[in-house]
Amino acid sequence: MNLIFLGAPGAGKGTQAEQVCNALNIPTISTGNIIREALKNGTEMGLKAKSFMDAGALVPDEIVIGIIQERLAKDDCKNGFILDGFPRTIPQAEALDRMGIVIDRVIDIDVADEVIAQRVSGRRVCSECGNSYHVEFRPSKVEGVCDACGGTLVQRKDDQPETVVARLKEYHEKTEPLKAFYEAQGKLKSVQGQAEIADTTKLVLEAVGAAE
């Protein structure tokens, strides 16, 4: 089964993609990871992407999709895959269609902005070992101190309230229209994000037809 996972930043789509990946034994294709892999391996599309990146320009959608095609041609994708982080815009989705990449189902993880803001802005990460905490849902034993190594807990720039608001705004403007795009194709399945990850996972597995 070929899947796309949608959801606002902080909605937990990466975690859910990982759960479905394990359940269906199919790979999750993260755009950032495969571009880095293509650059490292010096593939044809990777070299084309490098020329734009070296010039300080954005990599065109057609090249990004070409890199995705290279990745999807590998044996581990024969039984399906999950695209996480692409497409981000309708033009990218249209380019995906033109490339002949068939998507069976699109899963949208729907979480209210205020819930995302609470989740993300409360995250703290250890500056030494990278362990993650949350001031409300998973606090450290001593405020501001990592339980594992005693390092200082910090808030990443991406988790600061003003950054979260900006990223949500960009999502609503550029990516959220994909829901209507795929709904018109009869491929969209929306899942309401739950307080507990396991509860959301159950709904996601049902949406992809993989529930036990």
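Summary table
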{"item": "Electrostatic dipole magnitude of the chain [Cβ: Lys, Arg +1; Asp, Glu -1; Cα centre; debye, to 20]", "result": "320 debye"}
{"item": "Solvent exposure ordering (accessible area, 1.4 Å, most first) of Phe52, Phe86, Phe137", "result": "Phe137, Phe52, Phe86"}
{"item": "Accessible surface, the chain, averaged per residue in Å² (probe 1.4 Å)", "result": "55 Å²"}
{"item": "Furthest towards positive pole of dipole, Val145, Ala207, Tyr171, structure part segment 140-212, Cβ charges", "result": "Tyr171"}
{"item": "Unsatisfied cross-links (Cα-Cα over 28 Å) in the set Lys48/Lys169; Lys48/Lys74; Lys74/Lys169", "result": "Lys48/Lys169; Lys74/Lys169"}
{"item": "Among (i) 53, 44, 33; (ii) 57, 36, 31; (iii) 79, 54, 26, the entry that matches Cα extents along the principal axes in Å as calculated here", "result": "(i)"}
{"item": "Listed residue pairs exceeding 32 Å between alpha carbons, taken from Lys157/Lys179; Lys179/Lys202; Lys40/Lys141; Lys50/Lys187; Lys78/Lys157", "result": "Lys40/Lys141; Lys50/Lys187; Lys78/Lys157"}
{"item": "Taking the chain and dividing mean pair separation by its residue count, relative contact order in percent (alpha carbons under 8 Å, at least six apart)", "result": "28 percent"}
{"item": "Accessible area, probe 1.4 Å, largest first, for residues Met1, Met45", "result": "Met1, Met45"}
{"item": "Options Thr43, Ala180, Gly7, ranked by Cα towards positive dipole end of the chain, top entry (Cβ charges)", "result": "Thr43"}
{"item": "Dipole magnitude (debye, nearest 20) for segment 99-165, charges at Cβ of Lys, Arg, Asp, Glu", "result": "260 debye"}
{"item": "Antiparallel %, DSSP beta bridges [both residues in the chain], to 5", "result": "30 percent"}
{"item": "Percent carbon-and-sulfur accessible area, segment 1-115, ignoring ligands, DNA and RNA, probe 1.4 Å", "result": "50 percent"}
{"item": "Prolate/oblate/rounded call for segment 137-212, Cα gyration tensor, a/c under 1.5 rounded", "result": "oblate"}
{"item": "Heavy-atom accessible area order for Asp75, Asp113, largest first, 1.4 Å probe", "result": "Asp75, Asp113"}
{"item": "Per DSSP, loop GluC sites (Glu not before Pro) in segment 126-181 with at most 14 further Cβ within 10 Å", "result": "Glu128, Glu136, Glu143"}
{"item": "Cα centre as origin, Lys/Arg/Asp/Glu Cβ charges: segment 1-77 dipole, Debye", "result": "140 debye"}
{"item": "Around Lys187: net Lys/Arg minus Asp/Glu count, Cβ-Cβ under 15 Å", "result": "-2"}
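The values are calculated or read from the model by the stated rules, or taken from the named source; none is laboratory data. Quantities reported herein were computed from a predicted structural model and do not represent experimental measurements. Note that we place each Cβ from the backbone using ideal geometry, even for glycine, and neighbour counts take in every protein chain shown. For the accessible areas, the whole protein counts, side chains as well, though only heavy atoms, and no ligand, DNA or RNA atoms are used. Shrake-Rupley method; radii C 1.70, N 1.55, O 1.52, S 1.80 Å.
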